[in-house]
Amino acid sequence: MGVRLPFRLVVLLVAAVESAACGGTDVGLARVGGRQLEIAPFQDYLGEASGEPWAGVNARVASGLLDQYIDRQVVLETARRREMLTATDVSRLGPGEMAWMLEELCGPPPEPSPDDINREVERRLEQVLPARAHVRQILVDSLEAAENARSRLAAGEDFVKVSREMSRAPNAMDGGELGSFFEGSLPKEIDRVVFALTAGAISNPVQGPSGYHVFQVLEMTPAGPPERAAVESAVTTEFAEQGARHHTRSCIARLASEIGVEVESQNLWFAYDGKYAEGRGDA
């Protein structure tokens, strides 16, 4: 009796056979500036970045990591064209070297405007703040899955690992980070649960509009007026980080547009839906 293979696997196998017939040793992943990227190095990166076997990473996580992988290749290819690279093994280049290359290619991120910072500081100082919780979540479809996730967390498993494996939240790959919320700003059923927790505590499953949530409070700040020094530091840091992220995204998008990026989606074993997908236009 014959065995029916999934269509995407058939496509990948056919591409591999054709590559071998032409003398190639791997299947094409993407073309960045005309340079062919092979699949095998990305599979290694995918496994290392996700902490699990590459074949088991879901399509959403794999798409996000492929975007990160191609972003790096865009910077490296542009640096290579401008004769900035001296290292023979670019895979060993760390965050410091990559940040230096980005700054050389696009200049440093702009400094936050002192006037903008001062305005935001004064605005925040006028407020008497309610309690604030820094929260992350795991979001699943059923109560059974939520109880399973909570049991794993209670047994000591890493929150980020459980999030990546079980959560369907858009930011599950980043550990379900939600940021900070003031008391009263969340749906009532969720607000009551979150603000009854202490820092580090994990909630019981909570049913919300999108499914079942398991929350962890990373930090809890009681209600009261803000301190000027803390506000000034927070605003300065936030503005600088926002500016740097925007600068980096804009820089890489411009470089990708200049040299060209084409993902060979037909060779992938997952449904790629990242920013370099054909027709997205948001790289």
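The values are calculated or read from the model by the stated rules, or taken from the named source; none is laboratory data. The structure displayed is predicted, hence computed values, not measured ones. Note that each Cβ is placed from the backbone with ideal geometry, even for glycine, and that neighbours are counted across all protein chains shown. The protein model used for the area step is the full one, side chains on, heavy atoms only, and it has no ligands, DNA or RNA in it. Shrake-Rupley method; radii C 1.70, N 1.55, O 1.52, S 1.80 Å.
Observations, loosely collected:
- Accessible area, probe 1.4 Å, largest first, for residues Arg92, Arg60, Arg245: Arg92, Arg245, Arg60
- A P(r) calculated from all alpha carbon pairs of the chain, with 10 Å bins opening at zero, reads 6, 21, 25, 26, 17, 5, 1, 0 percent.
- Using the alpha carbons alone, the radius of gyration of the range 198-259 stands to its Kirkwood radius in an Rg to Rh ratio of 1.20.
- Computed accessible area, Leu218, all protein chains, 1.4 angstrom probe, square angstrom: 70
- Along the range 264-269 the Karplus relation, 6.51 cos²θ - 1.76 cosθ + 1.60 evaluated at θ = phi - 60°, assigns HN-Hα couplings of 8, 4, 5, 9, 8, 8 Hz to successive residues, with x for each Gly and Pro.
- FRET E, pair Arg249, Arg82, Förster distance 25 Å, beta-carbon r, rounded to 0.05: 0.75
- Computed with a 1.4 Å probe over protein heavy atoms only, the accessible area of Trp269 comes to about 50 Å².
- Computed on the range 111-265, with alpha-carbon pairs under 8 angstrom and 6+ residues apart, the relative contact order is 33 percent.
- Taking 0.36 nm per residue of separation and subtracting the current Cα-Cα distance, fully stretching the chain between Asn204 and Glu97 would add 34.2 nm.
- Under-5 Å amide H pairs with Ala30, H placed in peptide plane, nonlocal only: Leu37, Glu264
- Axial C-alpha extent at least 18 Å, average Kyte-Doolittle at least 1.0 - helices from the chain (DSSP): 7-21
- The range 96-208 - Kirkwood radius from inverse mean 1/r over Cα pairs (Å): 17.2
- The residues of the chain expose on average 57 square angstrom of accessible surface per residue, using a 1.4 Å probe on protein heavy atoms.
- Förster radius 35 Å - calculated FRET efficiency between Ala240 and Arg31, Cβ distance, rounded to 0.05: 0.50
- Amide N proximity, the range 221-250 versus Arg119 label position 7 Å along Cα-to-Cβ, cut-off under 20 Å: 231-244, 246-247
- For the pair Gln127 and Glu278, a Förster radius of 41 Å applied to the C-beta separation gives a FRET efficiency near 0.35, rounded to the nearest 0.05.
- Ratio of the Cα radius of gyration of the range 34-96 to 2.2 N^0.38 Å, where N counts its residues: 1.21
- Phi-based couplings in Hz for the range 176-193 (Karplus 6.51, -1.76, 1.60; Gly and Pro marked x): x, 4, 10, x, 9, 10, 7, 4, x, 8, 9, x, 3, 5, 7, 4, 4, 5
- Largest first, the extents of the alpha carbon coordinates of the range 160-202 on the three principal axes equal 29, 19, 16 Å.
- Per atom type, the chain shows carbon and sulfur on 53% of its accessible surface, probed at 1.4 Å.
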